[in-house]
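The values are calculated or read from the model by the stated rules, or taken from the named source; none is laboratory data. Everything numeric in this text was worked out from a predicted model, so none of it was measured. In this analysis, Cβ positions are derived from the backbone assuming ideal geometry, glycine residues included, and neighbour counts consider all displayed protein chains. Please note that ligands, DNA and RNA were not included when accessible areas were found on the heavy atoms of the full protein model with its side chains. Shrake-Rupley method; radii C 1.70, N 1.55, O 1.52, S 1.80 Å.
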Amino acid sequence: MAWVALSPAQAALTTSQLEQTTLAPHVNAQLPMQLRLSDANDRAAPLASWLGAVPTVWILADYTCETLCGPAISIVSNALADTGLNAGKDFRLIVVGFDPKDTAAQALAMKNAQLSPRNGLSEHTVFLRTAAPDVGALTDAFGVRPVYDREHDQFAHPAAAFVVTPDGRISRTLSALAVDAASLRLALVEAGQGHVGGWSDQIHLLCYGFDPASGTYTLAARRLLIATSSVSIVVLALLIGLLFRREHATR
């Protein structure tokens, strides 16, 4: 699931160094809520302020990356536009640069070049930066270990999209390069804890289970059996209630 955002042909890193780029997310891990992040207008605020009381999708990127960071942002933002959910109301997209040398202008340039313009996504997406001492705290919280290629001034790092709950806890980790709208919608519904999506989404969550190896939701026989049984019980209860009501009406 974790593609490395630096091609071997371009990297000046050894194989052993590339193997140090790891992705080990911890489900339900709390993000550092007081860590200060700045947007492309140099407005700084604690991480908690950027969440917006809705589920968020996070991408860690290098704003001067010449390989996979741009495509990852494009793929994830297009998938979000296809979920059928409403940007701002149901979710927000947050991209954070982990190279402290990157400027606000470079963050804005990547946003303009890679972010999908569809469904008003741009209005509810922020491209953030943080100071050098705080980069490690942020990458550690997401379980990401990048490796710096000094020769090319690039980072080798996993390409992932993290779904975060409104209170700042990591809910799911998806592949940023192979994510699909259906899995992304289910992840946001799950992170929304009943406040995102409709009743049909909740039924889908009962039938589908998250596969960490592929970073997608797949149909699970046990979950499907539970969901089918639950629906059958509800239908049976309604039928019994209707029969009792008719019997009472005839007396």
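So which of ALA113, ALA104, ALA61 is touching a Cys at 6+ places or on another chain (Cβ under 6 Å) and under 24 Å from GLN154 (Cβ atoms)?
Checking each option against the conditions leaves just ALA61.
Of the residues ALA181, ALA156, ALA161, which is under 18 Å from LEU128 (Cβ atoms) and touching a helix residue (DSSP H, G or I) at 6+ places or on another chain (Cβ under 9 Å)?
ALA161
Are any residues in segment 48-59 modelled with pLDDT of 95 or more, open to solvent by 10 Å² or more (accessible area, probe 1.4 Å) and not in a helix (DSSP H, G or I), and if so, which ones?
VAL54
Which one of ILE233, ILE203 is at pLDDT below 70, over 12 Å from the mean Cα position of the chain (by Cα) and open to solvent by 30 Å² or more (accessible area, probe 1.4 Å)?
ILE233
Can you name the helices (runs of 4 or more DSSP H) wholly within segment 64-169 that have at least 2 residues being among the aliphatic types (A, V, I, L, M) and open to solvent by 20 Å² or more (accessible area, probe 1.4 Å)?
104-114, 132-142
Select from segment 170-194 the residues that are assigned to a loop (DSSP other than H, G, I, E, B), touching a residue at least 60 places away in the same chain (Cβ under 8 Å) and open to solvent by 10 Å² or more (accessible area, probe 1.4 Å) and list them in ascending order.
Within segment 170-194, LEU177, ALA178, VAL179, ASP180 meet the criteria.
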